[in-house]
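Here the structure is laid out as structure tokens; the discussion comes afterwards.
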Amino acid sequence: MSYSSSQVRVLEGVRPDQIPFDELFSTNKPVILRGLVSDWALVKEGQVSPSSAMDLLESQSNGKPVRAFVASPEAKARFFYNDNGTGFNYQSKLLDLGEVFNQIRQSKDDPDRSYYYMNSLTLDNCFPGLRQHNDLVFDHEIFADNKPLSKVWVGTESIAAAHYDVPSNLACCVVGDRRFTLFPPEQIHNLYPGPLDPTPGGQAVSMVDLQNPDFERFPRIRQALDAAVVVDLKPGDAVYYPSMWWHQVEALSPFNIMINFWWLTVPAHMGNPMDVVMHAMMSLRDRPESEKKAWREIFDYYIFGSPETPREHLPSAIHGALGELDNDKIRRLRALIKDKLNR
């Protein structure tokens, strides 16, 4: 795969308890933090050997089975759809963590081995105690109401197709090398998203194989690749990328661990914008173009413009939903919407 890559900002020597969040947030672009977690206990065990990292992770496990995706050798580590898109090219199994690690150990030199991918394991629930020597300090006002959620991603080589997440992300490469291919949100038009359901991980993913793009079938992918930001991480490195940036994530080594921290930039009581998109598909998408144009103006006025404009000429007593929304007002709005949908 050959394409241009934008310059990525790199911060060196940042400590886990002194992350310059204002600096990260200032540009709304990805930032690499080299060596951020190089002193983590799990990183150091991985430098001894992959097996040592497995032992440490297993010792901190809650002992419960984990959800593991298992793909055949034919998948070539790409956890994706099957050929007709009706399902996936992997199986989802509940397995004992030690059993998975034994399979990885035993097959590491087998060219026809299966691929294992355990994704989105909640750090505190699945590995209580691990955070004690493998953590970051989130010292910024944005985290007063938005506590980061930490997840663990473990397995063999894997490729997670390009997708976006609503939370912002600070992803730490712990064991094995990892590559992120990142796209700004406006590249959705060139990334050819797949179906909204089913999806491999909860969000729509790009249908393009970025390692072998089919330019005839997906011609606009060239524009996305021209805008791509490619980030290669070694164990101990981390990358920050903002909400809604598309990202393909490749775990490149025979055994890999990533720990990431997700957080929302708005209060938790606010709704999921994707719910609005789904509702709009039902009520707006298939209307005549003239009506859609009018509704675009409505959205620009009430949603994408300044929140002050629709209410500045009204007495505050009648602002209603036009006013500032708190938890109680949002609960009333949610109840009203549910009532209208149930009619």
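Are any of the pairs Lys29/Lys292; Lys44/Lys93; Lys292/Lys338; Lys29/Lys76; Lys93/Lys151 more than 27 Å apart by Cα-Cα distance, and if so, which?
As for pairs spanning more than 27 Å Cα to Cα, those are Lys29/Lys292; Lys44/Lys93; Lys29/Lys76.
Using a Cα-Cα cut-off of under 18 Å, which aspartates and glutamates could be cross-linked to Lys293, ignoring same-chain neighbours fewer than 8 residues away?
none
Please give the contour-minus-distance gain from Asp124 to Asn62: 0.36 nm per residue of separation, less the Cα-Cα distance, rounded to one decimal in nm.
21.4 nm
Find the all-direction average of the projected area of the Cα convex hull for segment 273-341, expressing the result in square nanometres with one decimal place.
5.6 nm²
If I take R0 = 35 Å and measure r between the Cβ atoms of Leu284 and Ala144 in this structure, what FRET efficiency does the formula 1/(1 + (r/R0)^6) give, to the nearest 0.05?
So, using R0 = 35 Å, E works out to roughly 0.45.
Of Ala41, Ala204, Val137, which is farthest along the charge dipole of the chain in the positive direction, counting Lys and Arg as +1 and Asp and Glu as -1 at C-beta?
Ala204
Taking θ = phi - 60°, what integer Hz values does the Karplus form 6.51 cos²θ - 1.76 cosθ + 1.60 yield along segment 68-80, in sequence order, with x for Gly and Pro?
10, 8, 10, 10, 6, x, 5, 5, 6, 6, 8, 7, 8
Would you report the distance distribution of C-alpha pairs in the chain as whole percents per 20 angstrom bin, up to the bin with the largest distance?
Reading upward from the zero bin: 26, 55, 18, 1.
Which order do Leu252, Leu123, Leu196, Leu130 fall in if you start with the one that has the fewest other Cβ atoms within 10 Å?
Ranking Leu252, Leu123, Leu196, Leu130 by Cβ neighbours within 10 Å, fewest first, gives Leu196, Leu252, Leu123, Leu130.
How about segment 289-343: which GluC sites (Glu not before Pro) there lie in a loop by DSSP and see at most 15 other Cβ atoms within 10 Å?
Sites meeting the loop and neighbour criteria: Glu308, Glu312, Glu324.
On a full-extension model of 0.36 nm per residue, what is the gain between Tyr301 and Leu196, subtracting their alpha-carbon distance, rounded to one decimal in nm?
Roughly 35.0 nm would be gained on extension.
Output needed: percent of Cα pairs per 10 Å distance bin for segment 222-294, bins running from 0 to the one holding the longest distance.
12, 29, 27, 23, 8, 2
Over segment 122-204, what is the relative contact order in percent, taking alpha-carbon pairs closer than 8 angstrom and at least six residues apart?
Across segment 122-204, relative contact order equals 26 percent.
Can you tell me how segment 1-133 classifies by the Cα gyration tensor, rounded, prolate or oblate, using a/c under 1.5 as the rounded cut?
oblate
Report, in cubic angstrom per residue, the convex hull volume of the C-alpha atoms of segment 120-178.
117 Å³
Below 8 Å between Cα atoms, with a sequence gap of 6+, how large is the relative contact order for the chain in percent?
It comes to 22 percent, rounded to a whole number.
In whole Hz, with x marking every Gly and Pro, tabulate ³J(HN,Hα) for segment 321-330 from phi via Karplus 6.51 cos²θ - 1.76 cosθ + 1.60, θ = phi - 60°.
Couplings: 5, 6, x, 5, 9, 10, 4, 5, 5, 5 Hz.
Assuming R0 = 45 Å, can you tell me the calculated FRET efficiency for the pair Val266 and Lys44, based on Cβ-Cβ distance, to the nearest 0.05?
0.75
Quick one, can you get me the convex hull of the C-alpha atoms of segment 72-185 expressed as volume per residue in Å³?
161 Å³
Under the Karplus relation 6.51 cos²θ - 1.76 cosθ + 1.60, θ = phi - 60°, what is the ordered set of whole-Hz ³J(HN,Hα) values for segment 264-276, x standing for Gly and Pro?
8, 9, 10, x, 5, 6, 6, x, 7, x, 5, 4, 5
Principal axes first, then extents: for the Cα atoms of segment 117-264, list largest minus smallest coordinate on each axis, whole Å, largest first.
Taking max minus min along each principal axis of the Cα atoms, segment 117-264 gives 50, 36, 28 Å.
Just so you know, all these numbers are worked out from the coordinates, no wet-lab data involved. Predicted model only: the values in this text are computed from it and were never measured. Glycine gets a Cβ as well: all are built from the backbone with ideal geometry, and neighbour counts include every protein chain shown.
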